[in-house]
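For reference, the structure is listed below as structure tokens.
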Amino acid sequence: MSTGTAIDPSVFANYVPLNALRPESRVDLAKKAVVTAARSGDYLFKIGDSATNAIFLISGELHLEDASGKPIARLRAGDPTAHHRVAHQSPRKVSARCHGAVQYFTVDAGLLDVMLTWDQTGSFEVGELQSGGDNSDDWMSKLLQMRTFQMIPPSNLQAMFMRMQEVKVEPGQVVVKQDEDGDFFYVIMSGRCMVTREQPNQKAVRLAELESGSCFGEEALISDAKRNATVTALTRGSLMRLAKDDFRKLLNEPLARKISLVEAQKLVASGQAKYLDVRLPSEFQAHSLPGSLNLPLYMLRMKLTLVEPKTTWIVCCDTGRRSSVAVFILTQKGYDAYVLDKGIPPASA
């Protein structure tokens with residue numbers, strides 16, 4: 001397959017539901033669309049794949065196949081059925097294979113859904129909230145493509161963007177300091193930042209480098225604890241910040257996906273979910289839920305490869321506080337995760 005770059009927003013008028021977007025929204029979405037050419041026999045997706053992208057056929061023919069590989073439908077560019085997204089249910093219920101050369105374009109399915117919701121509820125235009133600069137819309141677009149922010153009601157997102165304050169930073173400037181109280185949630189609009197953690201009698205450990213669209217600072221706000229790392233600007237840049245109370249009300253509360261122990265036990269027993277214990281190894285060894293994966297909260301971002309992305313995770317700790325932070329991180333990365341309400345029961349329960 002070969003991938004192109006741009007698509008003319010006017011093309012969206014030929015496709016459903018893209019034609020329902022306002023002209024301004026079509027222009028914004030077209031910037032993120034990807035045009036791809038595929039060869040005969042290539043699969044665009046297979047049964048069970050996650051439908052993270054909405055696919056629209058530009059030219060050629062697709063065969064939709066069942067689990068045995070038998071064609072059950074044909075889509076030809078120009079036909080009425082090809083004016084819609086290709087088999088957009090998630091996970092995919094069929095496979096899509098090219099019958100001859102095919103050209104198609106994709107847009108982020110979650111971003112499309114957010115834009116449709118905003119347009120149909122009369123919410124704000126992204127352009128109204130942009131700050132100056134060539135990359136002023138990049139951070140917003142990146143946030144809106146994260147599953148975390150797609151799960152938040154549009155009215156909350158509108159309020160969040162309106163209440164965010166811009167902060168300019170210079171190279172070497174400390175944005176948040178380890179062991180200080182948390183006061184703001186940050187999003188990098190432009191520039192790069194470095195995350196480090198200090199340890200007694202040791203050199204500070206470099207944990208990560210953050211770029212435009214990355215966010216930080218949520219852990220201390222959710223857990224109401226001290227900052228667990230220092231974030232320093234590597235380059236001149238611009239950040240957007242949201243105050244602690246606004247973050248909790250507009251972002252954290254809508255994402256408080258909790259599940260009871262009884263519901264969790266049923267899901268785990270049926271194989272539909274697994275436990276992720278984010279306590280320290282010493283706590284985990286003393287008492288844990290059967291079959292749990294132990295990944296301490298402070299290691300979660302660095303060890304995400306250990307967390308299977310297609311699994312539903314029920315995150316647990318003693319109280320639910322650390323679990324809430326973990327669920328925010330996981331949903332931000334596209335995972336399906338829930339907090340075990342009231343935490344892990346005592347060993348005698």
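Filter the range 279-309 for residues that are aliphatic (A, V, I, L, M) and at pLDDT 90 or above; which is farthest from Arg227 (Cα to Cα)?
Looking at residues that are aliphatic (A, V, I, L, M) and at pLDDT 90 or above, I get Leu289.
Grab the helices (runs of 4 or more DSSP H) fully contained in the range 234-334, keeping just those with 2 or more residues being in contact (Cβ under 8 Å) with a residue 12 or more places away in the chain and either buried (at least 16 other Cβ atoms within 10 Å of the Cβ) or touching a Gly at 6+ places or on another chain (Cβ under 6 Å) (or both).
244-247, 261-269, 321-332
If we keep just the residues of the range 196-221 that are touching a Phe, Trp or Tyr at 6+ places or on another chain (Cβ under 6 Å) and either among the basic types (Lys, Arg) or under 17 Å from Ile329 (Cβ atoms) (or both), which is modelled with the lowest pLDDT?
Within the range 196-221, the match that is modelled with the lowest pLDDT is Gly213.
To keep it simple, each residue is scored yes or no on (1) touching a residue at least 60 places away in the same chain (Cβ under 8 Å); (2) in contact with a strand residue (DSSP E or B) (Cβ under 8 Å, 6 or more places away or on another chain); (3) in a helix (DSSP H, G or I); (4) of a type outside the set (Asp, Glu).
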{"site": "Glu24", "(1), (2), (3), (4)": "yes, no, yes, no"}
{"site": "Asp28", "(1), (2), (3), (4)": "yes, no, yes, no"}
{"site": "Lys32", "(1), (2), (3), (4)": "yes, yes, no, yes"}
{"site": "Ala37", "(1), (2), (3), (4)": "yes, yes, no, yes"}
{"site": "Ser40", "(1), (2), (3), (4)": "yes, yes, no, yes"}
{"site": "Ala51", "(1), (2), (3), (4)": "no, yes, no, yes"}
{"site": "Ala54", "(1), (2), (3), (4)": "no, yes, no, yes"}
{"site": "Ile58", "(1), (2), (3), (4)": "no, yes, no, yes"}
{"site": "Leu64", "(1), (2), (3), (4)": "no, yes, no, yes"}
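Yes or no: the range 91-111 includes at least one residue that is in a helix (DSSP H, G or I), more than 29 Å from the chain's Cα centre (by Cα), at pLDDT 90 or above and not assigned by TED's automatic domain parsing to the domain that holds Arg192.
From the range 91-111, those in a helix (DSSP H, G or I) are 109-111; that's our starting set.
Subset that is more than 29 Å from the chain's Cα centre (by Cα): none.
Taking every residue of the range 91-111 in turn, none turns out to be in a helix (DSSP H, G or I), more than 29 Å from the chain's Cα centre (by Cα), at pLDDT 90 or above and not assigned by TED's automatic domain parsing to the domain that holds Arg192.
Among the residues in the range 140-149, are any outside the structural domain of Leu300 (by TED's automatic domain parsing) and modelled with pLDDT of 90 or more?
Checked against the condition, which is being outside the structural domain of Leu300 (by TED's automatic domain parsing) and modelled with pLDDT of 90 or more, the range 140-149 yields no hits at all.
Got a number for residues in the range 337-349 being within 12 Å of Lys258 (Cα to Cα) and surrounded by fewer than 21 Cβ atoms within 10 Å (Cβ to Cβ)?
3
Can you tell which of Leu44, Leu57, Leu62 is among the hydrophobic types (A, V, I, L, M, F, W, C), surrounded by 16 or more Cβ atoms within 10 Å (Cβ to Cβ) and either under 23 Å from Tyr335 (Cβ atoms) or over 27 Å from the mean Cα position of the chain (by Cα) (or both)?
Leu62
Tell me which residues, restricted to the range 41-77, are under 30 Å from Asp336 (Cα atoms) and basic (Lys, Arg). So that I can check it myself, show each step before the final result.
To start, the set of residues in the range 41-77 that are under 30 Å from Asp336 (Cα atoms) comprises 42-57, 64-69.
Result: Lys46, single match.
Can you name every residue in the range 194-213 that is of a type in the set (Val, Ile, Thr) and loosely packed, with under 14 Cβ neighbours inside 10 Å?
Matches in the range 194-213: Val205 only.
The values are calculated or read from the model by the stated rules, or taken from the named source; none is laboratory data. Because the structure is predicted, anything quoted here is derived from the model rather than measured. Neighbour counts run over all protein chains shown; Cβ positions are idealised from the backbone, glycine included.
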